[in-house]
Amino acid sequence: EESKMVSKKVKVVNSQGFHMRPVTTFVGAMGKYDSDIKILSKGNEINGKSLMAIVAACIKCGDEVEVQCSGADEDAALQEAVGMIESGFGEE
């Protein structure tokens, strides 16, 4: 079955941005999906399953990123990824 690749733009809302704790949670959650997960930020394409790559991208509060998922479970992966970012990873 052809995967179509799904994506959504989302704004980072937690004040600390993508620091170690939320990124650890995010990567852990994304690791259970077979799909490829990418985060597009400031013209860079970041592997959504790589802790170091995401932390190195220095994504800050207020930044708009685009999450792209492609693979068998892409819709579920995108929904969870976007939900985590939109909720601020449960942080203020």
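Here are some notes:
- Rounded to the nearest 20 debye, the dipole magnitude of region 20-77 is 380 debye, with +1 charges on Lys and Arg beta carbons, -1 on Asp and Glu beta carbons, and the Cα centre as origin.
- Neighbour net charge for E66 - beta-carbon separation under 9 angstrom, K R +1, D E -1: +2
- Bridging of K4 to lysines at a Cα separation below 28 Å is possible for K32, K38, K42, K49, once same-chain residues fewer than 8 apart are set aside.
- Rounded if a/c under 1.5, otherwise prolate or oblate - region 29-92, Cα gyration tensor axes: oblate
- Contact order for the chain, expressed relative to its length and based on alpha carbon pairs under 8 Å spaced 6+ residues apart, stands at 45 percent.
Just so you know, all these numbers are worked out from the coordinates, no wet-lab data involved. Just so it is clear, the structure is predicted and the values come from calculations on it, not from any experiment. Here Cβ is always computed from backbone atoms with ideal geometry, including for glycine, and neighbour counts include all displayed protein chains.
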